[in-house]
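Novice: Once you've had a glance at the structure underneath, I'll fire off some questions.
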Amino acid sequence: MRKDRQRIGVIPIGDIPDIAPKVIAAHISGYLDLQTTLLGSMKNPSYALDRQRLQYNVGPIFQHLESRLFTSVDKVIGILDVDLFVPVFTHVFGEARQGGRVALISIFRLRENPMDTINDSAVALERAAKVALHELCHLYDLTHCENRQCLMHFSGSLSDLDQIPLSFCRYCSQYIREATK
């Protein structure tokens, strides 16, 4: 890997099993040829809990992460194990500000069985990798793709996410290669 390539920081937020950030970092490195760094963990974002919804609002988490100086990386992916939402959706698996610097993913809804831990499920880890790659591409201004066989196709449910392959269509693949040069 060239040393001038973009560096991506992967940061666990709250109580995240050690394997999840490692799997996500490996997928980013392997699929996008981007250098990844595991950053030190942060505390659970209790400040973002919406007590009526019993979910965590991504807005305040973005604000908190965007206010931090991450000088050793170009982009940051935060991994949480809480139920995330944006006001227009009941929940989100992940969220990124288009063209921004910070993306979030939640492993909360990615398990096959809600009582499982992510350590118990290769399926949940693959789902987490898909969501992380998808959200990271939004940070590079890639939008949702109409091709159902592309990782950039929108998925609002686990069945949608499971049907999407862990690969990009030729157009999205070309775009992300050029955007990350």
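The values are calculated or read from the model by the stated rules, or taken from the named source; none is laboratory data. As the structure is a computational prediction, the values presented were derived from the model and not from experiment. Note that each Cβ is placed from the backbone with ideal geometry, even for glycine, and that neighbours are counted across all protein chains shown.
Novice: Kindly provide the set of residues from region 33-60 that are β-branched (V, I, T) and either in contact (Cβ under 8 Å) with a residue 40 or more places away in the chain or outside any strand (DSSP E or B) (or both), ordered by number. Walk me through how you get there before you give the answer.
Specialist: Step one: filter region 33-60 for residues β-branched (V, I, T), giving 36-37, 58.
Residue satisfying the conditions is V58 alone.
Novice: For the list (1) over 21 Å from Y56 (Cβ atoms); (2) surrounded by 19 or more Cβ atoms within 10 Å (Cβ to Cβ); (3) within 17 Å of the chain's Cα centre (by Cα), I need the number of the one condition that Y175 fails.
Specialist: In the conditions (1) over 21 Å from Y56 (Cβ atoms); (2) surrounded by 19 or more Cβ atoms within 10 Å (Cβ to Cβ); (3) within 17 Å of the chain's Cα centre (by Cα), Y175 misses (3) alone.
Novice: Now for a separate question. Identify, by number, the condition in (1) in a loop (DSSP other than H, G, I, E, B); (2) free of Cβ contacts under 8 Å to residues at least 40 places away in the same chain; (3) not hydrophobic (A, V, I, L, M, F, W, C) that G30 doesn't meet.
Specialist: Answer for G30: the failing condition is (1).
Novice: Let me ask something additional. Among the candidates T90, T71, single out the residue that is closer than 23 Å to A179 by Cα and among the β-branched types (V, I, T). Talk me through it step by step, then tell me what you get.
Specialist: Details: T90 fails: closer than 23 Å to A179 by Cα.
The unique qualifying residue is T71.
Novice: Still on this structure, please answer the following. Criterion first (within 28 Å of N44 (Cα to Cα) and surrounded by fewer than 19 Cβ atoms within 10 Å (Cβ to Cβ)) does F93 satisfy it?
Specialist: Working: within 28 Å of N44 (Cα to Cα): yes; surrounded by fewer than 19 Cβ atoms within 10 Å (Cβ to Cβ): no.
When the stated conditions are applied, F93 does not pass them.
Novice: Just wondering, is there one or more residues in region 145-162 that are assigned to a helix (DSSP H, G or I), within 18 Å of Y31 (Cβ to Cβ), aliphatic (A, V, I, L, M) and modelled with pLDDT under 95?
Specialist: At the first step, the residues of region 145-162 found to be assigned to a helix (DSSP H, G or I) are 158-162.
Narrowing further to those that are within 18 Å of Y31 (Cβ to Cβ): 161-162.
Okay, now just the ones that are also aliphatic (A, V, I, L, M), so 161.
Narrowing the set further to residues that are modelled with pLDDT under 95 leaves none.
No: zero hits.
Novice: May I ask you to list the residues in region 96-127 that are surrounded by fewer than 15 Cβ atoms within 10 Å (Cβ to Cβ), in a loop (DSSP other than H, G, I, E, B) and at pLDDT below 90?
Specialist: Of everything in region 96-127, those that are surrounded by fewer than 15 Cβ atoms within 10 Å (Cβ to Cβ), in a loop (DSSP other than H, G, I, E, B) and at pLDDT below 90 turn out to be E112, N113, P114, M115, D116, T117.
Novice: Tell me yes or no: at least one residue of region 8-18 is without any contact (Cβ under 8 Å) to a residue 12 or more places away in the chain and under 16 Å from the mean Cα position of the chain (by Cα). Working first, answer last.
Specialist: Quick first cut of region 8-18, residues without any contact (Cβ under 8 Å) to a residue 12 or more places away in the chain only: 18.
From what's left, under 16 Å from the mean Cα position of the chain (by Cα): 18.
Yes, region 8-18 contains at least one residue that is without any contact (Cβ under 8 Å) to a residue 12 or more places away in the chain and under 16 Å from the mean Cα position of the chain (by Cα).
Novice: So, one more: How many residues does region 71-88 hold that are in contact (Cβ under 8 Å) with a residue 40 or more places away in the chain and of a type outside the set (K, R)?
Specialist: 10
Novice: Charged (D, E, K, R) and without any contact (Cβ under 8 Å) to a residue 40 or more places away in the chain: is that true of R68 in this structure? If you could, list the steps in order and put the result at the bottom.
Specialist: Values: charged (D, E, K, R): yes; without any contact (Cβ under 8 Å) to a residue 40 or more places away in the chain: yes.
In short, yes.
Novice: Could I ask something else about it? I'm trying to understand the selection: among the residues of region 61-95, which are farther than 30 Å from D162 by Cβ and part of a helix (DSSP H, G or I)?
Specialist: Q63, H64, E66, S67
Novice: While we're on this one: Could you count how many residues in region 70-81 are modelled with pLDDT under 95 and under 13 Å from the mean Cα position of the chain (by Cα)?
Specialist: Going through region 70-81 one residue at a time, the tally reaches 1.
Novice: OK, next. Starting from region 126-140, take each residue that is in contact (Cβ under 8 Å) with a residue 60 or more places away in the chain and under 17 Å from E178 (Cα atoms) and list its partners that are basic (K, R) and not in a helix (DSSP H, G or I), counting only C-beta distances under 7 angstrom and pairs at least six apart or across chains.
Specialist: What qualifies is L136/K75; L139/K75; L139/R101.
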